[in-house]
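Report on the structure given below.
The values are calculated or read from the model by the stated rules, or taken from the named source; none is laboratory data. Computed from a predicted model, the values in this text were never measured in an experiment. When we count neighbours, we look across all protein chains shown, and the Cβ atoms used for this are built from the backbone with ideal geometry, even at glycine.
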Amino acid sequence: MPTRPKRAHPAERTVLDNGLKVLVVPDRTVPLVGVAVVYNVGFRSEPEGRTGFAHLFEHMMFQGSAHVGKMEHGRLVESAGGRMNGHTLPDLTAYYEALPASALELALFLEADRMASLSVSEENLRNQVDVVKEEIRVNVLNRPYGGFPWILLPALAFTSYPNAHNGYGDFTHLEEATVGESEDFYATFYSPANAVLAVVGDCAADEVFALAERYFGSIRRRRVPKRGPWPEPRPSADLHRVIRDPLAPQPAFAVGYRTTDPVGDLDRYLIYDVLASLLAGGDSSRLRARLIYRDNNVTDVSCQLGTFGDDAFFVRDPTLLQVIVFHPGTATTGALLEAIDEEIGRLAEDGPDRQELARVVNTSSADLWRSLDSLMDRAHILASVETIHGRAELVEELASRLAAVKVADVAEAAADLLSQHRAVLELQPAGN
Amino acid sequence: MAPNPAKRATAKTAAAQRAPAKRAAPPAPARPTTRPPIGRLVAPTAPRLLEASLPGGIHALVVRRPSVPLVEVRLALPLAADQIRKPAPVSILSRSLFAGTDRHDRVALAGAIEDLGASLDAHVGEDRVILSGAVLAEHLKELLALLVEVITSASYPPDEVKADRNRAADETLIALSQPDVVAAQALRRRLFGTHPYATPIPPPAALRRVDAAALHALHPVVLNPAGAHLVLVGDLQPHRAVGLAEEALAAWTVTHEVPPADLPPVAAPRPGPLELVPRPASVQSNLRMGGSFARLGEPDWPAASLAEQILGGMFSSRIVANIRERNGYSYSPRSFVRHGRAGSSFTMAADVATGVTGPALVEIFYELGRIATLGINEEELEMARRHSVGRFSFDTASLPGLATTLANLAIRGVDLGYLTAYPKAVIAATKQMVDEAAARYLAPSRLVTVVVGDPEVVTGPLSALGEVALRS
């Protein structure tokens, strides 16, 4: 079998006195840098009655700080020839930009200013509530399969508020959000000791450490907030819900299985990652080959770890392994679930063959390299893994750790899926 | 609740792994609060290209970029007017191409590709098909062999074709239920009139009529080495990669004479009433305005692209400032430019709450009219110059970005000197040039407008602004 290439971009790190972790990964391939600040807070931490607050707050971080006016963050980054964005996940919020290497200091100035001195005005908050509502209309309310399954499946698979609620938020909750609540959220969760700064690309570690000290060093240290954990026992009975989607032309369903703790027992969690690829990674995977290409009764089937799409390594316990199916309705959901069980059963009985196992390790490893190719993505991926797992180096080790997964491990994980009470969320087009 | 042992273990690991920390002497001095300088604007160095002509007339473009141990592969093939006008067969071909060869059935072929840590698929664009792949660098040769296997011996098993067309029909139903797809189709129809570019997504019924015989007939016409562009970018040695490609692609020969894939040029759209595409009970309206635009490589393209970015092509644009950050009407109001082989087009897009459809359109008209009549200011110009050069650098920084950029330039017939000339032209563009381009391309009188939305609510407000034609 082919060997898996190793690429050493060693991370160098320091911790400022105020607790901010700084991570630098130099790479001189192109004269650009990627910068990310990841805060250790996501929508699992938002208070009850304030669904969507963590994400709304992410928007407020672009609305100005003591030395940066409204819209100026974007203007300064784009004027420097850069780009920027942010995202909110269940367990973290990431802010990132990529710029020509000569503008590194500007990026650090901007990140430091909003970490030190965010200013939230009533007018800006009301404006961003409107913007977020439009974001939700575009991505959820005005399109078919909106929120399927990322909002809808956790709501069924989990029972506690942190794990089950809608991270995009209810309109009422968004509308009720106040400036005072923003200030509290900021004071609690946006402390330097609750953040990781990552800089990757055309830079030197010493230079970045000095700049980080210069811009972030004087930000007051604050207590690291208490956060979770939010464990939930596995369900004690099968969970099933049918929802109607008036905009969807075809039925779909998502199945949620529980995994092991992604952080506390990473090596076991990686077995579930391999299992997900074996089930529905490429076109040769068990479920794709069977349901799409042999039985011809589904339009698409995919399998992933995490609840928010591609966040397998940015998420804490509890989380899900999901199987997502879109189908024309020529087979019933029951029949399709039986076929899925059969395929999982075969893996539980015999395990994968060695070639098949080596194949998914190769594709996962290539996918991983691909995700690290863009400097902006590399910066927020490394900062996110540092935030969740405490070690950004993990990213480059994943390929070899995946390669250590054994046939018997996969069989055991497959058996675990079969033995669980799973959550099945069915989406039916209106009229059915 | 017990503390999470996992998390504590993690924190401990992190501390143990930390390199000896470098700490500044306390207390920390106050942080600087003035903006750091961003450096002089200089044109980026263009990537070093190796160009080669391979047997059969294939144009090869190779760049070494060892950022990650991968190689991106693109094979770009032009489509002729007929194939664009009747898009169902090409659409099925792009799927069934991987449904089996003389050596592998579909699942075995997928397995052989995945064994290399690779992917390979085909994507149909408005006037081209692009076969696109990525592979762990050490397996480039094997991926090229599989690419050629597909090109020279795709067998189109009838049962597989039948299954593919059914899935394509199902996916089309899903696509057509997306309001942005409906809006894009409606705008294309208004923009391009009788040109092949106006052709809508093939309807399910047309897809279900495509059979294996049609694909066998179409295959040599589309997969014709004369006119093909092969791009390889990544962790490779350029001359060796050309050698590999030459060896692998030698088997790809012309089986019969194929006419060149010519297209008529695109004409400017005829202005007319706003077209309202009804979507009853829609909670948003999808506003789209479009017009023809400067083509890549034309002398006024750099200035026109600067005008477009100031209007709506970046976050700090006038449209975002107005529609999103001042009025909260839309999450991502934006403009963009599409370049086809036969011409380029401009689109202004905003998805807005149904209740503010009229006011949002007023603001968009205002911003278009303002930039077309009053032009831009020097501060905006400098920002747009830097943003353009930066965007260009980033578009060509990642492996897939550079590979796709090169494939698209090549298939549009743009001289690759563009990679050096464009950033220089952007830096040299003057306010007068940008003002002229804004007047030429962004004036609302030159644009056509379509709206997808709830006719019961939006017809009234839209009619207050001008003539509305309801599309049935």
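Which of the following residues is in contact with a Ser or Thr (Cβ under 7 Å, 6 or more places away or on another chain), among the β-branched types (Val, Ile, Thr) and at pLDDT 95 or above: B:Ile84, B:Ile38?
Details: B:Ile38 fails: at pLDDT 95 or above.
Just a single option satisfies the conditions, and that option is B:Ile84.
When the stretch A:317-351 is examined, which residues are found to be crowded, with 17+ Cβ neighbours inside 10 Å, of a type in the set (Ser, Thr, Tyr) and part of a loop (DSSP other than H, G, I, E, B)?
Across the stretch A:317-351, the qualifying residue is only A:Thr319.
I'd like the full set of residues that are surrounded by 21 or more Cβ atoms within 10 Å (Cβ to Cβ) and either within 10 Å of another protein chain (Cβ to nearest Cβ) or more than 21 Å from A:Pro262 (Cβ to Cβ) (or both), limited to the stretch A:375-386.
Within the stretch A:375-386, the first condition is being surrounded by 21 or more Cβ atoms within 10 Å (Cβ to Cβ), and the residues that meet it are A:375-376, A:378-386.
Those that are surrounded by 21 or more Cβ atoms within 10 Å (Cβ to Cβ) and either within 10 Å of another protein chain (Cβ to nearest Cβ) or more than 21 Å from A:Pro262 (Cβ to Cβ) (or both): A:Leu375, A:Met376, A:Arg378, A:Ala379, A:Glu386.
Can B:Ser53 be described as facing chain A (nearest Cβ under 8 Å) and among the small types (Gly, Ala, Ser)?
Working: facing chain A (nearest Cβ under 8 Å): no; among the small types (Gly, Ala, Ser): yes.
So B:Ser53 does not fit the description; no.
I need the full set of residues from the stretch A:137-164 which are in a helix (DSSP H, G or I) and without any contact (Cβ under 8 Å) to a residue 40 or more places away in the chain, in order please. Break it down stepwise before answering.
Step one: of the stretch A:137-164, the residues in a helix (DSSP H, G or I) are A:137-141, A:152-157, A:161-164.
Within the stretch A:137-164, A:Arg137, A:Val138, A:Asn139, A:Val140, A:Leu141, A:Ala155, A:Ala164 meet the criteria.
Give me the residue from the stretch A:61-101 that is without any contact (Cβ under 8 Å) to a residue 60 or more places away in the chain and among the polar types (S, T, N, Q) and, out of that set, farthest from A:Ser374 (Cα to Cα).
The selected residue is A:Ser65.
Across the stretch B:58-76, which residue is farthest from the other protein chains (Cβ to nearest Cβ) among those that are small (Gly, Ala, Ser) and part of a strand (DSSP E or B)? Give the derivation first.
Taking the stretch B:58-76 and keeping what is small (Gly, Ala, Ser), we get B:60, B:67, B:76.
Within this subset, residues satisfying the condition of being part of a strand (DSSP E or B) are B:60, B:76.
Values: B:Ala60: 22, B:Ala76: 20 Å.
Filtering first and then ranking leaves B:Ala60.
Can you go through B:Arg295, B:Arg288 and tell me which one is in a loop (DSSP other than H, G, I, E, B) and either within 14 Å of chain A (Cβ to nearest Cβ) or within 19 Å of the chain's Cα centre (by Cα) (or both)? Can you show your working first?
Values: B:Arg288 fails: in a loop (DSSP other than H, G, I, E, B).
Sole residue among the options that is in a loop (DSSP other than H, G, I, E, B) and either within 14 Å of chain A (Cβ to nearest Cβ) or within 19 Å of the chain's Cα centre (by Cα) (or both): B:Arg295.
I need the full set of residues from the stretch A:296-316 which are in a strand (DSSP E or B) and touching a Gly at 6+ places or on another chain (Cβ under 8 Å), in order please. Let's see the steps before the verdict.
So in the stretch A:296-316, the residues in a strand (DSSP E or B) come out as A:300-305.
Passing the criteria: only A:Cys303.
For the stretch A:107-115, does any single residue satisfy the condition of being over 30 Å from B:Asp454 (Cα atoms), modelled with pLDDT of 95 or more and at the interface with chain B (Cβ under 7 Å from one of its Cβ atoms)? Let's see the steps before the verdict.
We begin by selecting, within the stretch A:107-115, every residue over 30 Å from B:Asp454 (Cα atoms); these are A:107-115.
From what is left, the residues that are modelled with pLDDT of 95 or more are A:107-115.
With at the interface with chain B (Cβ under 7 Å from one of its Cβ atoms) added as a condition, the list becomes A:109, A:112.
Looking through the stretch A:107-115, at least one residue is over 30 Å from B:Asp454 (Cα atoms), modelled with pLDDT of 95 or more and at the interface with chain B (Cβ under 7 Å from one of its Cβ atoms).
Which residue, of A:Thr299, A:Thr332, is within 14 Å of chain B (Cβ to nearest Cβ) and more than 30 Å from A:Asp267 (Cβ to Cβ)?
Details: A:Thr332 fails: within 14 Å of chain B (Cβ to nearest Cβ).
None of the other options fit; the residue is A:Thr299.
Just one of the numbered conditions (1) surrounded by 12 or more Cβ atoms within 10 Å (Cβ to Cβ); (2) more than 17 Å from B:His229 (Cα to Cα); (3) out of contact with any Ser or Thr (no Cβ under 7 Å at 6 or more places or on another chain); (4) at pLDDT 90 or above is not true of B:Ala14; which one?
Failed condition: (4).
Return yes when A:Arg258 is within 21 Å of the chain's Cα centre (by Cα), within 10 Å of chain B (Cβ to nearest Cβ), closer than 30 Å to A:Val140 by Cβ and crowded, with 17+ Cβ neighbours inside 10 Å and no when it is not.
Values: within 21 Å of the chain's Cα centre (by Cα): yes; within 10 Å of chain B (Cβ to nearest Cβ): no; closer than 30 Å to A:Val140 by Cβ: yes; crowded, with 17+ Cβ neighbours inside 10 Å: yes.
Spelling it out, it is not the case that A:Arg258 is within 21 Å of the chain's Cα centre (by Cα), within 10 Å of chain B (Cβ to nearest Cβ), closer than 30 Å to A:Val140 by Cβ and crowded, with 17+ Cβ neighbours inside 10 Å.
Does A:Glu58 qualify as being out of contact with any Gly (no Cβ under 7 Å at 6 or more places or on another chain), within 14 Å of chain B (Cβ to nearest Cβ) and without any contact (Cβ under 8 Å) to a residue 40 or more places away in the chain? Can you show your working first?
On the way: out of contact with any Gly (no Cβ under 7 Å at 6 or more places or on another chain): no; within 14 Å of chain B (Cβ to nearest Cβ): yes; without any contact (Cβ under 8 Å) to a residue 40 or more places away in the chain: yes.
So A:Glu58 does not fit the description; no.
When the stretch B:134-169 is examined, which residues are found to be of a type in the set (Gly, Ala, Ser), touching a Lys or Arg at 6+ places or on another chain (Cβ under 8 Å) and touching a residue at least 60 places away in the same chain (Cβ under 8 Å)? Talk me through it step by step, then tell me what you get.
Narrowing the stretch B:134-169 to residues of a type in the set (Gly, Ala, Ser): B:134, B:137, B:145, B:153-155, B:163, B:168-169.
If we keep only those that are touching a Lys or Arg at 6+ places or on another chain (Cβ under 8 Å) as well, we get B:134, B:153, B:168-169.
Within the stretch B:134-169, B:Ala134, B:Ala168 meet the criteria.
Being within 20 Å of the chain's Cα centre (by Cα) and either under 25 Å from A:Gly64 (Cβ atoms) or polar (S, T, N, Q) (or both) is the filter here, so list the residues in the stretch A:139-150 that pass it. If you could, list the steps in order and put the result at the bottom.
Taking the stretch A:139-150 and keeping what is within 20 Å of the chain's Cα centre (by Cα), we get A:139-140, A:145-150.
A:Asn139 - this is the single residue of the stretch A:139-150 that is within 20 Å of the chain's Cα centre (by Cα) and either under 25 Å from A:Gly64 (Cβ atoms) or polar (S, T, N, Q) (or both).
Please work out which one of (1) away from chain B (no Cβ under 14 Å); (2) surrounded by fewer than 21 Cβ atoms within 10 Å (Cβ to Cβ) is the condition A:Ser191 fails and give its number.
(2)
Given the options A:Leu99, A:Leu56, A:Leu110, A:Leu89, name the one that is within 19 Å of B:Arg31 (Cα to Cα) and of a type outside the set (S, T, N, Q). So that I can check it myself, show each step before the final result.
Values: A:Leu99 fails: within 19 Å of B:Arg31 (Cα to Cα); A:Leu56 fails: within 19 Å of B:Arg31 (Cα to Cα); A:Leu89 fails: within 19 Å of B:Arg31 (Cα to Cα).
Being within 19 Å of B:Arg31 (Cα to Cα) and of a type outside the set (S, T, N, Q) holds for just one of A:Leu99, A:Leu56, A:Leu110, A:Leu89, which is A:Leu110.
For the stretch B:105-124, what are the residues that are β-branched (Val, Ile, Thr) and either touching a residue at least 60 places away in the same chain (Cβ under 8 Å) or over 22 Å from B:Pro400 (Cα atoms) (or both)?
To start, the set of residues in the stretch B:105-124 that are β-branched (Val, Ile, Thr) comprises B:107, B:113, B:124.
Hit for the stretch B:105-124 is B:Val107, nothing else.
Here are A:Glu78, A:Glu122: which of them is farther than 30 Å from A:Val323 by Cβ and either facing chain B (nearest Cβ under 8 Å) or in contact with a strand residue (DSSP E or B) (Cβ under 7 Å, 6 or more places away or on another chain) (or both)?
On the way: A:Glu122 fails: either facing chain B (nearest Cβ under 8 Å) or in contact with a strand residue (DSSP E or B) (Cβ under 7 Å, 6 or more places away or on another chain) (or both).
Exactly one residue qualifies, and that residue is A:Glu78.
Of all residues in the stretch B:225-242, how many are out of contact with any strand residue (DSSP E or B) (no Cβ under 7 Å at 6 or more places or on another chain) and under 17 Å from B:Leu77 (Cβ atoms)?
1
I'd like to check something: does the stretch B:205-225 contain any residue that is within 14 Å of chain A (Cβ to nearest Cβ) and of a type outside the set (A, V, I, L, M)? Quick ask: steps written out before the conclusion?
Narrowing the stretch B:205-225 to residues within 14 Å of chain A (Cβ to nearest Cβ): B:207-208.
Still in the list and also of a type outside the set (A, V, I, L, M): B:208.
Checking the stretch B:205-225: at least one residue is within 14 Å of chain A (Cβ to nearest Cβ) and of a type outside the set (A, V, I, L, M).
Looking only at residues that are facing another protein chain (nearest Cβ under 8 Å) and aliphatic (A, V, I, L, M) in the stretch B:144-175, which one is surrounded by the most Cβ atoms within 10 Å (Cβ to Cβ)?
So, considering only residues that are facing another protein chain (nearest Cβ under 8 Å) and aliphatic (A, V, I, L, M), the one surrounded by the most Cβ atoms within 10 Å (Cβ to Cβ) is B:Ala163.
If you go through the stretch A:206-260 one residue at a time, how many are among the aliphatic types (A, V, I, L, M), farther than 30 Å from A:Pro144 by Cβ and touching a residue at least 24 places away in the same chain (Cβ under 8 Å)?
Restricting attention to the stretch A:206-260, the residues satisfying the condition of being among the aliphatic types (A, V, I, L, M) are A:208, A:210-212, A:219, A:224, A:237, A:239, A:242-243, A:247-248, A:252, A:254-255.
Checking which are farther than 30 Å from A:Pro144 by Cβ leaves us with A:208, A:210-212, A:219, A:224, A:237.
Filter once more, keeping what is touching a residue at least 24 places away in the same chain (Cβ under 8 Å): A:208, A:211-212, A:219, A:224, A:237.
So the count comes out to 6.
What pairs come out if I take residues in the stretch A:10-22 that are over 11 Å from A:Ala212 (Cα atoms) and more than 8 Å from chain B (Cβ to nearest Cβ) and pair them with residues that are part of a strand (DSSP E or B) and of a type in the set (A, V, I, L, M) whose C-beta lies under 8 Å away, six or more apart or interchain?
Partner pairs satisfying both residue conditions: A:Pro10/A:Val25; A:Ala11/A:Leu23; A:Ala11/A:Val24; A:Ala11/A:Val25.
If the requirement is being touching a residue at least 60 places away in the same chain (Cβ under 8 Å) and touching an Asp or Glu at 6+ places or on another chain (Cβ under 9 Å), which of these qualifies: A:Gly309, A:Gly351?
Numbers: A:Gly309 fails: touching an Asp or Glu at 6+ places or on another chain (Cβ under 9 Å).
It is A:Gly351.
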